[in-house]
Amino acid sequence: MVATDNFQMPQGQAPFDLSAYLQERQNLVEAALDSAIPVIYPEKIYEAMRYSLLAGGKRLRPILCLATCEMAGGTIAMAMPTACALEMIHTMSLIHDDLPAMDNDDYRRGKLTNHKVYGEDVAILAGDGLLAYAFEFVAVNTRNVPAERVLQAIARLGRVVGAAGLVGGQVVDLESEGQADVSIETLNFIHNHKTAALLEACVVCGGILAGIPEADLQRLSRYAQNIGLAFQIVDDILDITATQEELGKTAGKDLQAQKATYPSIWGIEESQRQAQKLIQAAVAELNLFGEKARPLIAIAHFITSRTH
Ligand code: FPP
Ligand code: MG
């Protein structure tokens with residue numbers, strides 16, 4: 001993973017090595033995900049679940065959850081089951097998003113999509129299996145966290161999956177496809193629910209597990225909403241400017257599917273400016289966490305500088 005650390009650090013402070021930080025946590029997450037789902041009978045479904053869950057990816061969502069928990073005074077171990085669950089939820093949403101009934105995509109993370117390998121029937125079930133297991137995994141495996149915090153995190157996960165989150169965003173996205181006059185409000189609704197909500201859940205769950213006060217959770221929530229929207233704007237730009245090899249999925253899809261995107265409404269330059277503005281607003285929410293916020297600040301800047 002390439003991580004550019006091209007932002008101004010306060011004077012006298014050594015630059016934060018984001019690449020090393022991400023790599024180290026990515027390895028931890030990868031190992032935890034790998035051991036989370038052993039292959040037992042009926043092998044086919046576990047293999048299909050593992051195929052997409054272990055297909056690589058930046059693991060940004062689990063890393064955000066771990067980073068927030070640590071920043072808020074908790075440990076990596078306290079947040080790891082929830083971090084894995086968030087990646088399971090993210091992966092299942094992509095398996096279903098790629099299905100012929102939705103975006104009908106052949107490639108994801110540089111590999112054939114789940115339904116291309118296992119068939120539509122198994123891909124639907126692999127998504128369902130990952131979704132159910134995500135909740136079980138948090139409830140069964142979280143240690144050294146008071147039960148009411150675990151319950152609060154599980155409630156948050158449920159909310160982000162359903163019609164108030166991913167499902168709601170996806171429905172409006174599907175409805176808007178091919179429409180010429182999608183407003184910026186509708187576009188924001190789609191991405192606040194489809195993309196930003198899950199990133200927000202990652203950060204907020206990390207805070208909840210560490211037992212952060214409500215006012216600070218609100219700050220974290222605003223940080224995450226801002227980076228979530230910036231993330232989507234950058235995604236839309238990359239769909240135009242990056243190649244299939246860089247993206248690991250089909251490039252130029254939005255134009256082909258006549259999807260309204262931020263660049264289609266604002267143009268590329270203005271979209272870049274808006275993404276930068278959102279990142280600045282996100283970072284400002286973290287002031288009170290001081291030094292401890294360096295990983296989350298660096299991740300916010302990484303989002304706008306990424307090339308894939
Ligand atoms: C990718 O969007 C898709 C998502 C971010 C989430 C889609 C949500 C669902 C399919 C609902 C999932 C169901 C549950 C129960 C959680 P995209 O098509 O804009 O991006 P892409 O180019 O990466 O495919
Ligand atoms: Mg898609």
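The values are calculated or read from the model by the stated rules, or taken from the named source; none is laboratory data. Every value quoted in this text rests on a predicted model; they were computed, and no experiment measured them. Cβ sites come from the backbone with ideal geometry, for glycine too, and all protein chains shown count toward neighbours. The accessibility values were calculated without ligands, DNA or RNA, using every heavy atom of the protein model including side chains. Shrake-Rupley method; radii C 1.70, N 1.55, O 1.52, S 1.80 Å.
Once you've got the GNM for the chain with C-alpha springs shorter than 10 Å, pick whichever of Q244, Q13, Q276 has the biggest mean-square fluctuation.
The residue with the greatest mean-square fluctuation here is Q13.
Please list, in order along segment 14-26, the HN-Hα scalar couplings obtained from phi with the Karplus expression 6.51 cos²θ - 1.76 cosθ + 1.60 (θ = phi - 60°), rounded to whole Hz, x for Gly and Pro.
Each residue of segment 14-26 in turn: 5, x, 7, 7, 5, 4, 5, 4, 5, 5, 4, 6, 4 Hz.
Name the residues of segment 54-91 whose amide N is less than 20 Å from a point 7 angstrom out from the Cα of V140 along the C-beta direction?
Residues 54, 77-91 qualify, since their backbone N sits under 20 Å from the label point.
Roughly how many whole Å is it from the C-alpha centroid of segment 214-289 to that of segment 104-144?
25
What residue among G267, G211, G57 shows peak mean-square fluctuation when the chain is described by a Gaussian network model with Cα springs under 10 Å?
Residue with maximal mean-square fluctuation among G267, G211, G57: G267.
Taking the solvent-accessible surface of protein heavy atoms with a 1.4 Å probe, what is the per residue accessible area of segment 52-185 in Å²?
With the other protein chains kept in place, segment 52-185 gives 41 Å² per residue.
For the chain, what is the convex hull (Cα atoms) projected area averaged across all directions, in square nanometres?
Reported value for the Cα convex hull: 15.0 nm².
How big is the dipole moment of segment 241-287 about its Cα centre under a simple scheme where the beta carbon of each Lys and Arg is +1, that of each Asp and Glu is -1, and everything else is neutral? Debye, nearest 20, please. Don't skip to the end; give the middle numbers.
Values: 5 positive and 6 negative charges, 27 e Å.
That gives segment 241-287 a dipole magnitude of about 120 debye.
If you roll a 1.4 Å probe over the chain with all protein chains in place, what percent of the accessible area is carbon or sulfur?
Numbers: 7250 of 13650 Å².
Here carbon and sulfur together make up 53 percent of the probe-accessible area.
Would you please name the trypsin sites (Lys or Arg not before Pro) within segment 85-156 that are DSSP coil residues with at most 11 other C-beta atoms within 10 Å of their C-beta?
Working: sites: R108, R109, K111, K116, R143, R149, R156; in loops: R109, R143.
The qualifying sites are R143.
Using modelled amide H (1.01 Å from N, peptide plane; none on Pro or chain starts), what sits under 5 Å from the amide H of E177, excluding residues fewer than 5 places away?
Residues meeting the amide H criterion: none.
Considering the chain, which cysteines have no disulfide-compatible partner, defined as another cysteine with its Cβ under 4.7 Å away?
By the Cβ distance rule, which asks for a partner under 4.7 Å, the isolated cysteines are C69, C84, C205.
Among the listed pairs K116/K253; K44/K116; K44/K194, which have their C-alpha atoms separated by more than 20 angstrom in this model?
Beyond 20 Å between Cα atoms: K44/K194.
Per residue of segment 150-165, in order, report the coupling 6.51 cos²θ - 1.76 cosθ + 1.60 (Karplus, θ = phi - 60°) as ³J(HN,Hα) in whole Hz, putting x for Gly and Pro.
5, 4, 4, 5, 5, 4, 5, 4, x, 5, 6, 6, x, 4, 7, x
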